[in-house]
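Please treat every number below as a calculation from the coordinates, not as lab data. Nothing here was measured: the structure is a model prediction, and the numbers come from that model. As a convention, Cβ positions derive from the backbone with ideal geometry for all residues, glycine included, and neighbour counts pool all protein chains shown.
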Amino acid sequence: MTPPPPAPPYVLTVDAGLKDLRAADHLLRGIAAELALPDGTFGCTHLVRDGRPRVVLSLATPLPVDRERLTARGHEVTDGPPDAQGRAVLYPGAARLTGTLTVAELLARSAIDRVTVLGGPGDPDPRTPLVTRDHVRPQWQRGELVLTAMPAAGGRLTPFEVPDPTPCCADH
């Protein structure tokens, strides 16, 4: 298990009026590249279900973020996270989670604290292979970064979130 990272001193919410997670993932990666965000940055998506449902982003960085560049792009930027349950897209070690890894390797290579199995009685055996599909999106739960996995063929696991989901009503 990886110890939790120290709380970054700079946390922002970026609202670009996005409607879907794929666009939010793409924007997070673009912001990280454009602003050259430092190692240790966490970038998360958050579903907002107020009068204007949308997906907002949060950035938690060890260094200040250039807010002016974000607002110049038309994004609304506010201090702090929108909630405590973000879906992590950018996090330490995310780029090293490719191919098939054991649960222990996944935990050792990244900021993920724990893996749970959907419908499972407890944490999986650390030796269990996990097929990442190069798409690992853990979520913050009670201060821990937790990856929810599901059983796959051959006694393996795979992240619950699929990389290319079929949109609802795709056959209509």
Inset, instruction - Select from the range 82-124 the residues that are surrounded by fewer than 14 Cβ atoms within 10 Å (Cβ to Cβ) and touching a Gly at 6+ places or on another chain (Cβ under 9 Å) and list them in ascending order. - result: ALA84
Legend entry - Hits in the range 93-110 (condition: outside any helix (DSSP H, G or I) and farther than 21 Å from ASP123 by Cβ): THR98, GLY99
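What is the residue count in the range 103-124 for residues that are among the charged types (D, E, K, R) and in contact (Cβ under 8 Å) with a residue 60 or more places away in the chain?
Matching residues across the range 103-124 total 2.
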Inset, instruction - State whether one or more residues within the range 136-144 are surrounded by fewer than 16 Cβ atoms within 10 Å (Cβ to Cβ), outside any strand (DSSP E or B) and among the β-branched types (Val, Ile, Thr). - result: no
